1. Only one of 264, 279 is at pLDDT below 90 and surrounded by fewer than 18 Cβ atoms within 10 Å (Cβ to Cβ). Can you tell me which?
2. How do the pairs read when you match residues in the stretch 206-233 that are touching a residue at least 40 places away in the same chain (Cβ under 8 Å) with residues anywhere that are surrounded by fewer than 17 Cβ atoms within 10 Å (Cβ to Cβ) and among the small types (Gly, Ala, Ser), using Cβ under 9 Å and keeping only pairs 6 or more apart or on different chains?
3. Scan the stretch 357-369 and tell me whether some residue there is touching a residue at least 12 places away in the same chain (Cβ under 8 Å) and β-branched (Val, Ile, Thr).
4. Whether any residue in the stretch 217-224 is closer than 22 Å to residue 140 by Cα, under 25 Å from the mean Cα position of the chain (by Cα), open to solvent by 10 Å² or more (accessible area, probe 1.4 Å) and modelled with pLDDT of 85 or more is what I want to check.
5. Of the numbered conditions (1) more than 26 Å from residue 43 (Cβ to Cβ); (2) among the acidic types (Asp, Glu); (3) part of a strand (DSSP E or B), residue 285 satisfies every one except a single condition; which is it?
6. List pairs: first residue in the stretch 661-673 and under 16 Å from residue 686 (Cβ atoms), second residue buried (at least 24 other Cβ atoms within 10 Å of the Cβ) and small (Gly, Ala, Ser) anywhere in the structure, Cβ distance under 6 angstrom, at least six positions apart or on different chains.
7. Is there any pair with a first residue in the stretch 586-606 that is in contact (Cβ under 8 Å) with a residue 24 or more places away in the chain and a second that is polar (S, T, N, Q) whose Cβ atoms are under 6 Å apart and which are 6 or more apart or on different chains, and what are they?
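The values are calculated or read from the model by the stated rules, or taken from the named source; none is laboratory data. All values reported here derive from a predicted model rather than from experimental measurement. Quick reminder, even Gly has a Cβ in these numbers, built from the backbone with ideal geometry, and neighbours come from all protein chains shown. Each accessible area value is taken on the protein alone, full model and side chains, heavy atoms only, with ligands, DNA and RNA left out. Shrake-Rupley method; radii C 1.70, N 1.55, O 1.52, S 1.80 Å.
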Amino acid sequence: MFLKNKGILGINARNLLYTRPYNPKKAVKLADDKIRTKKFLSARGIPVPKLYAIIRENSEVDKFDFNALPNSFVIKPNQGFGGEGIIPIVGKTGEHYITASNRKLSKEDLVAHIKDILDGRYSITNVADYAFFEQFIVADDVLGKYSCGGLPDIRVVVHNLIPVMAMLRLPTKESEGKANLHMGAVGVGIDIAKGETTFCTHRDRIIDTLPDNMGDIRGMKIPYWDEILEISSKVQLITNLGYLAADICIDKNSGPVLLEINARAGLAVQIANLAPLRRRLERIEGVRVTTPAKGVRIAKDMFGNVVEKEIRSLSGKHIIGAEEVAEVIQKTGTFRVKAKLDPLKKVSVIDEETALNAGLLDNTEDYDDEKSTLKLKFLLKDKRLQTVVDVEKISDKGYKMIIGRRDLKDFLIDPQEQEETSEKWGREAKKSEQKSYTSSVNFIETDQQINKIDSKIKLLFHVRPINLEEEKKKFFGNRLYNPKFEYPQLKFDPLELTEELQKIKTDDSPLGRIYEEKKQEIFKKIRLLESMDEEEFTKISIDLYGKPTKEDKERCIELLKKIRPLNEEESYKYNPEEVRAEFEKVLESYNMDDWRVKIKEGMVADCVVGKNNRLFIKEGVEFTKRRIKALTVHEIETHILTAENGKKQPYEIFSRGTANYLETQEGLAMYNVEQQRGEPFEENLKALGHVICIYESLNFSFSEVFDKLIKLGVEEEQAFRSCLKAKRGFYDTSKKGAFTKDYIYYKGYYTVKNFIESGGQLEDLYIGKINLQDLEKIKAIPGIIPPRILP
């Protein structure tokens, strides 16, 4: 009966609908090469077994020193398939090696087996292959006790960054210690949402108990489940395989380890789960997923709770609790609110204060001031709703929205669902409640919490391409080519940090407003990184940093045309070591012995101030004496001095940076270089080029913008770097859009200049890393002291 159900994925459908369209040949070739795969993924933070040795030719076999191997190891063919050719060695006794299935093999047996591997006996394509030796993984105690003479593993099928189905594979005596179902291993379905085992299958038949008297495994919780799902999704993102199976085991000492990836995943996972794989794959087509963490959350929401899905399948309605999380959709992003479901109320209601704080009432097209009604789009579960809601003050504590029956017609309400939602939202502080802490906010605690979260974002790290040199080489080989950038995985969980931010208390005092502004900035940065390569990325970037106007661009072009090439007085160029020595002398003159100058590879900028008292110089760069002096003013006598003054303030935020501090910081640096070094900002080719590049990038591709800069006389290397800075955050740089951050140099310079020319005191901008728009609020904060260190 099961096999007659709709939605089963067969081999032909898999190949035609998923393997061929979503798996590029280059990515499949990588997956088929186990050695390359391990090295590639290991370099990108994916845990893999340790590689001991590789044998590539028959001539190497007889010379190989088997005694150099540890007592336990695994021999594998590099391009093997289906577990064939793998021999796990668990120990040695005398002259014999003991396999996981307790067979004894001599050295000659191993040599003969390795020669078979080299001859291509186990290769997917039956061509010559490599043999390699890798770490023998000792199974975790929880799973190991259900396995007979081998290593159990977990296969996770992933598509569109979403883990869609998974099973546990248990070796048996019949499979000789190998976790391959066609050899007699057992497949056990896993509930994606809970990580609990469900049905057991052996030789394509459902069984109640495991073979070899191993007992009943149903209902067992898989250790490290969330981590396993996230590793699987990360692997797909890194390898560019759109449809794959990741085989992961759990090491007794180190936790989840990726064994291999498969670009032609088998289909037995459907039987183990008693669920059709094709139906699940079809459900996630078109779902936009930006990060592995988000893919895991979607998987749990969509594929957990089989009974609920059956009800939805029969009724066509989603099951929801008496209270839920609604995700309100705006042009600039989304935000989440706790909602109460009330079928007795006809029209849905959103809390007035929440709508006001979110800027929903600013849109005159959507908000009817006279009727106090608002056009609203929101997600409930995974269903998108568009409706008209009333705007009222909701007195029911904790709720920011009440959903009435007009918007509940496609849902079934299960009151038991309330407990889980309540527990989740009980951990989140509400914005309206935060504002009530007028007299009881512990700002020392608030300061620590915000700075801790802010330190995890590492915005520029996450938008720095990891394949920059490779793509740069391709671009300069073909100027019509638009680079395809790859980026590091997010080093934080966006949802977790968002929830932590929502808990942080502020108030309406000057200091409270400073922290509330910083919270909102961090919210935007998180959303920015989640929306990389999407249209929303540009919108959020503009919200954070602004964008050049057409007048800005045209002015910069006119200024650029007037700039004459510099005639450097000295021909000598200082290498990074010499530059470091020069900077260290300056730091010493300010008695800042705790600062360190480091040379770092892979930087986009030539020189930058980092966190933790570090000044970084790009490896391989060379500077003239004039450039060193300008950087001294810019990096040390602006950025570092403001950071040092900020450390003397009562709150750390003044050394890390208040909201939008960068505009004032970079504007101040530009102003200082102009005043102290006599280098007019309006002759700063880089800053002017950034403005032009950002403006053009909003409507043109990388190669098109590069060509425009070249025609304006910008040198090739500088034109490439300007385009790189503007197109950071995009995987495909042929797309319209820009990372607008570098507009702050231009905008900030004129903001600072106007401030000084209007009678403002330059010293005030050295209080710490601040936004001068907040200067009056900052001066009203008790305990703030004047800057102690000035240039």
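1. Matching residue, one of 264, 279: 279.
2. Here the result reads 211/184; 223/255, each pair linking the stretch 206-233 to a residue that is surrounded by fewer than 17 Cβ atoms within 10 Å (Cβ to Cβ) and among the small types (Gly, Ala, Ser).
3. no
4. yes
5. (3)
6. Close Cβ pairs satisfying both conditions: 666/748; 667/748.
7. Listed pairs, sorted by first residue: 586/632; 595/613.
Residue by residue, here is whether (1) under 25 Å from the mean Cα position of the chain (by Cα); (2) among the β-branched types (Val, Ile, Thr); (3) in a helix (DSSP H, G or I) holds:
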| position | (1), (2), (3) |
| --- | --- |
| 246 | yes, no, no |
| 259 | yes, no, no |
| 272 | no, no, yes |
| 289 | yes, yes, no |
